[in-house]
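Note sheet for the following structure.
The values are calculated or read from the model by the stated rules, or taken from the named source; none is laboratory data. This structure is a prediction, so every number in the text was calculated from the model and none was measured. Ideal geometry is used to build each Cβ from the backbone, glycine not excepted, and the neighbour counts take in all protein chains shown. Ligands, DNA and RNA are stripped out before the accessible areas are found, and what is left, the full protein with its side chains, is counted by its heavy atoms. Shrake-Rupley method; radii C 1.70, N 1.55, O 1.52, S 1.80 Å.
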Amino acid sequence: MKIAVDIDGVLADQVSAVLLEIEKDYGQKYSKSEINRAHWNFAGIEIWTEISRLLADPEYVMRVPLIEGSQKAIKQLAGHDLLVVTARRPNAEEATRKWLCWHFPCLTQYYHARTGTKHNIPSDVLIDDLDMNIVEFVKSDPDRRGILFQHPWSLNDTDIEDYSDQVYYCPQWQSVVNAIDNIRGDQP
Ligand SMILES: [Mg+2]
């Protein structure tokens with residue numbers, strides 16, 4: 001089974017990293033639970049603008065911590081055909097590949113896909129932390145399955161509920177591994 005794995009919010013704890021930088025640069029302290037939508041903003045600055053700016057710095061990229069349980073789970077899933085998929089800009093690719101090689105040496109397939117192009121991802125399953133990406137992916141093919149890695153910002157008023165037979169909701173990595181076992185069990 002071919003499985004696409006998003007980086008930010010799934011492998012990399014991007015929000016924790018950016019909140020530290022926001023505290024350092026703007027003196028404003030926020031917690032992850034306050035980030036309640038994808039386009040969250042503070043003092044008129046959108047979080048994605050801030051993340052894109054920071055990702056241009058390779059040292060920042062290397063500092064981003066792991067999502068809990070991700071290394072163990074990726075090892076458990078190593079028998080599948082795993083593909084890393086990200087909307088990070090091309091200027092962050094070199095450092096991102098280094099970060100991946102350091103933390104997940106078995107993840108060598110890299111695919112760049114902006115939001116709006118997630119239907120093109122060449123895989124059977126997508127693990128992603130944003131509902132719009134999951135919807136785009138599953139609506140393009142009824143045989144595809146989406147795993148929403150749930151964070152406070154994962155649901156953004158999409159019609160994800162309409163695809164409930166294709167979508168799994170997972171708040172942590174162990175439930176992602178269970179969902180994949182489940183999907184594999186359903187396959188002919
Ligand atoms: Mg993400």
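Among the residues of the stretch 138-181, which ones are under 15 Å from LYS2 (Cβ atoms) and either hydrophobic (A, V, I, L, M, F, W, C) or part of a helix (DSSP H, G or I) (or both)? I'd like the intermediate steps shown before the answer.
Taking the stretch 138-181 as the starting set, the residues that turn out to be under 15 Å from LYS2 (Cβ atoms) are 138, 140-141, 143-147, 180.
Listed by number, the residues that qualify are VAL138, ILE147, ILE180.
Tell me the residue from ARG184, ARG97 that is in contact (Cβ under 8 Å) with a residue 24 or more places away in the chain, part of a helix (DSSP H, G or I) and away from the ligand (no atom under 14 Å from the Cβ), please. Working first, answer last.
Details: ARG97 fails: in contact (Cβ under 8 Å) with a residue 24 or more places away in the chain.
ARG184 is the lone residue from the list that is in contact (Cβ under 8 Å) with a residue 24 or more places away in the chain, part of a helix (DSSP H, G or I) and away from the ligand (no atom under 14 Å from the Cβ).
Just to be sure I understand, how many residues within the stretch 110-128 are touching a strand residue (DSSP E or B) at 6+ places or on another chain (Cβ under 6 Å) and buried (at least 16 other Cβ atoms within 10 Å of the Cβ)? Before the answer, list the steps.
Going through the stretch 110-128, the residues touching a strand residue (DSSP E or B) at 6+ places or on another chain (Cβ under 6 Å) turn out to be 110-111, 113, 121, 123-128.
Within this subset, residues satisfying the condition of being buried (at least 16 other Cβ atoms within 10 Å of the Cβ) are 113, 121, 123-128.
Looking only at that region, the number is 8.
Whether any residue in the stretch 43-53 is under 16 Å from the mean Cα position of the chain (by Cα), at negative phi and surrounded by 19 or more Cβ atoms within 10 Å (Cβ to Cβ) is what I want to check.
The initial filter retains those residues of the stretch 43-53 that are under 16 Å from the mean Cα position of the chain (by Cα), namely 47-48, 51-52.
Now narrow it down to the ones that are at negative phi: 47-48, 51-52.
Restricting the remaining residues to those that are surrounded by 19 or more Cβ atoms within 10 Å (Cβ to Cβ) gives 47, 51.
Within the stretch 43-53 (the criterion being under 16 Å from the mean Cα position of the chain (by Cα), at negative phi and surrounded by 19 or more Cβ atoms within 10 Å (Cβ to Cβ)), the answer is yes, since at least one residue qualifies.
Which residue pairs have Cβ atoms closer than 9 Å, lie 6 or more positions apart in sequence or on different chains, and pair a first residue in the stretch 1-24 that is more than 17 Å from HIS80 (Cα to Cα) and open to solvent by 10 Å² or more (accessible area, probe 1.4 Å) with a second residue that is within 11 Å of the ligand (Cβ to nearest atom) and in a loop (DSSP other than H, G, I, E, B)?
ASP8/ALA87; ASP8/ARG88; ASP8/ASP129; ASP13/ILE67; VAL15/GLY9; VAL15/HIS151; VAL15/TRP153
Filter the stretch 118-130 for residues that are more than 14 Å from the ligand (Cβ to nearest atom) and part of a loop (DSSP other than H, G, I, E, B) and give the result. Lay out the reasoning, then the answer.
Going residue by residue through the stretch 118-130, those that are more than 14 Å from the ligand (Cβ to nearest atom) are 119-120, 122-125.
Within the stretch 118-130, PRO122, SER123, ASP124 qualify.
So for the stretch 66-85 (the condition being open to solvent by 10 Å² or more (accessible area, probe 1.4 Å), within 12 Å of the ligand (Cβ to nearest atom) and in contact with a strand residue (DSSP E or B) (Cβ under 7 Å, 6 or more places away or on another chain)), does at least one residue qualify?
yes
Would it be correct to say that LEU155 is open to solvent by less than 70 Å² (accessible area, probe 1.4 Å) and not assigned by TED's automatic domain parsing to the domain that holds LYS32? Let's see the steps before the verdict.
Details: open to solvent by less than 70 Å² (accessible area, probe 1.4 Å): no; not assigned by TED's automatic domain parsing to the domain that holds LYS32: yes.
No, not satisfied.
How many residues does the stretch 165-188 hold that are closer than 9 Å to ILE147 by Cα and not aliphatic (A, V, I, L, M)?
Step one: list which residues in the stretch 165-188 are closer than 9 Å to ILE147 by Cα, which gives 166-170, 176, 179-180.
Narrowing further to those that are not aliphatic (A, V, I, L, M): 166, 168-170.
Here the count works out to 4.
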